[in-house]
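Report on one structure; see the data block that follows.
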Amino acid sequence: PRSTLFPYTTLFRSVPQDRDAGVHFLLTGSVSLDEVLHKAGLSVTVNDLQVFNLGPLTADLAGELLDRLSEGEAFPLPPAVRKRILEKIDWPMPFHLQLLFRAIRNSVQNQGKALDEMLVDEEYALLLSADKRSYFHYWLERIDNPSTSPQERILKRELLKRAAKDPSGVSQSSIRQIRDRVAPNVDVLMTLSSLAREGYLTQQGNRWRFTSSLLRDWWRKWQV
């Protein structure tokens, strides 16, 4: 609500902007702050902040994360298993790498399963099961945010359904066709920008794909 957001956005303006004091603020979150404020009509309160996207880990950093997890848990990963984990996660989001690593480790240590590539595939599939829905349901709840118009919610769902069907995402021509069919009065570029800022989709060339391969597979299984 606007009344809740306003005190927080004005707080930073009230702090003296003394560069010599070495005071810096870093605001982070799973939902883009500028998107939330735009919907609340408060964009002007943060127009002096610099917006940046962290994006996924690089391939090298994703591998290093697995290595650090392996070392910290005293759970060595054979090269083939390490490679398969990175292949399955594909778009290396740290949380999803950690989820899959933990599931594999638990199966080996608690159930005595063999640590091989088949186990990676098995545990990845289990992350998409109904009893793991708590990892993904908030993505649905965000789409159904009441601050978004009904037509925009419909358009977002249809775009995500189409993007979930193809690992390379949905093409620009398909996006226009979907907009014309389900929400002709909605600004599709603003909608795509919103989905990107909120972490659902990312643009690659002339296509829009799911930022997370794990989320895409879950969406395809439970929402398409």
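Descriptive notes on the structure:
- Per-residue ellipticity at 222 nm, computed for the chain from helices alone with -39500 (n - 2.57) per DSSP H run of at least four residues, works out to -17500 deg cm²/dmol.
- Whichever lysines have a C-alpha closer than 30 Å to that of Lys161, once near sequence neighbours (fewer than 8 apart) are set aside: Lys39, Lys83, Lys88, Lys132, Lys221
- Probe 1.4 Å, accessible area per residue of the stretch 103-224, Å²: 49 Å²
- Split the accessible area of the chain by element, probe 1.4 Å, and carbon with sulfur accounts for 53%.
- Each Cα pair under 8 Å and six or more residues apart adds its separation to the average, and for the chain the resulting relative contact order is 20 percent.
- Positive-pole candidate from Tyr124, Phe136, Ser149, dipole of the stretch 115-155, charges at beta carbon: Ser149
- Mean projected area in nm² (Cα convex hull; one quarter of hull surface) for the stretch 39-157: 10.4 nm²
- Semi-axes of the equivalent ellipsoid for the chain, computed as √(5λ) from the eigenvalues of its C-alpha gyration tensor and ordered from largest down, come to 34, 26, 15 Å.
The values are calculated or read from the model by the stated rules, or taken from the named source; none is laboratory data. From a predicted model like this one, the values you see are computed outputs, not experimental measurements. Backbone-built Cβ (ideal geometry, glycine too); neighbour counts: all protein chains shown. Ligands, DNA and RNA are stripped out before the accessible areas are found, and what is left, the full protein with its side chains, is counted by its heavy atoms. Shrake-Rupley method; radii C 1.70, N 1.55, O 1.52, S 1.80 Å.
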